[in-house]
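What follows is a structure written as structure tokens; I'll ask about it next.
The values are calculated or read from the model by the stated rules, or taken from the named source; none is laboratory data. Remember, it's a predicted structure, so these values are computed and weren't measured experimentally. Positions of Cβ are generated from backbone atoms using ideal geometry, with glycine treated the same way; all protein chains shown enter the neighbour counts.
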Amino acid sequence: MLQRFLGYVLFIPFIVFYSYVLGPVLKAVLLPGGLAILFFILGPEAFFYHWRKARSSQPDIAVTNNIPG
């Protein structure tokens, strides 16, 4: 019983730390770093071409009601 209680007391703070502190920090560091590596690999022209193409708005799809009646 005491061992299980101590396990929870040690486990829960680490879960909170990894979920709410380390996760956002890693996202803030790794995402821009990954984009910078792609920038250096592709070069500025190709990088920005693909960046704009990925961020361009998707074409609107017209939805029609084809229920026979």
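Only one of (1) surrounded by fewer than 10 Cβ atoms within 10 Å (Cβ to Cβ); (2) assigned to a helix (DSSP H, G or I); (3) at pLDDT below 95 is not met by His50, so which one is it?
Condition not satisfied by His50: (1).
Among the numbered criteria (1) within 19 Å of the chain's Cα centre (by Cα); (2) hydrophobic (A, V, I, L, M, F, W, C); (3) at pLDDT below 90, which single criterion is violated by Leu31?
The one condition Leu31 does not meet is (3).
Mind checking which pairs have a first residue in region 19-35 that is outside any helix (DSSP H, G or I) and a second that is polar (S, T, N, Q) and at pLDDT 95 or above, Cβ under 8 Å, 6 or more apart or different chains?
Listed pairs, sorted by first residue: none to list.
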